[in-house]
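Enquirer: Below is the structure I would like to discuss, written out as structure tokens.
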Amino acid sequence: MWVTCASSQVAVIANLSVPLAKIEKSDLLDLYTGDMSLWTDGKAIVICDLKQKGEVRDSFYSYLGKSPHRIKSIWLKRMLSGDADPPTFLDSEEEMLKKVASTPGAIGFVSLSKIDEDVKTLLVIGQ
């Protein structure tokens, strides 16, 4: 039997202002492809992503069923059409935590072991 340890689990995190307590995979995919741009309260969604390849980023995109390259091409098309603003790309999980915690409407992802009380966890991938 294969057991996933906490360090390889990925937490989808959001700013405390986000009006959700949990998120479904389909909604997460809609967010990260730009199909959804507003939360249920009408406030703007701020998408945060990791710039560098790594286990956390790979696990997140594997869960979504899309490659980072495919998501990037979707965003480039949206940007060229003036349809949406691209995600904010961050250099590290620590930067991701700080950005999501300090930005109303922000959503991102980090290792489960890194989350703190400054953000809310909407989903754990790899349970």
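Enquirer: Checking G42 against (1) closer than 21 Å to L20 by Cβ; (2) surrounded by 13 or more Cβ atoms within 10 Å (Cβ to Cβ): exactly one of these is not met. Which one?
Expert: (2)
Enquirer: Take the conditions of a type in the set (D, E) and more than 13 Å from the chain's Cα centre (by Cα) and apply them to D58. Does it pass?
Expert: For D58, the condition - of a type in the set (D, E) and more than 13 Å from the chain's Cα centre (by Cα) - is not met.
Enquirer: A follow-up question, please. For region 32-55, name all the residues that are acidic (D, E), more than 17 Å from V12 (Cα to Cα) and within 15 Å of the chain's Cα centre (by Cα).
Expert: Of everything in region 32-55, just one residue is acidic (D, E), more than 17 Å from V12 (Cα to Cα) and within 15 Å of the chain's Cα centre (by Cα), namely D35.
Enquirer: Where in region 34-127 are there helices (runs of 4 or more DSSP H), lying wholly inside it, with at least 3 residues that are among the basic types (K, R)?
Expert: Passing ranges, in order: 68-80.
Every number in this text was worked out from the coordinates using simple rules, so none of it is lab data. Keep in mind that this is a model prediction, so the values were computed, not measured. Here Cβ is always computed from backbone atoms with ideal geometry, including for glycine, and neighbour counts include all displayed protein chains.
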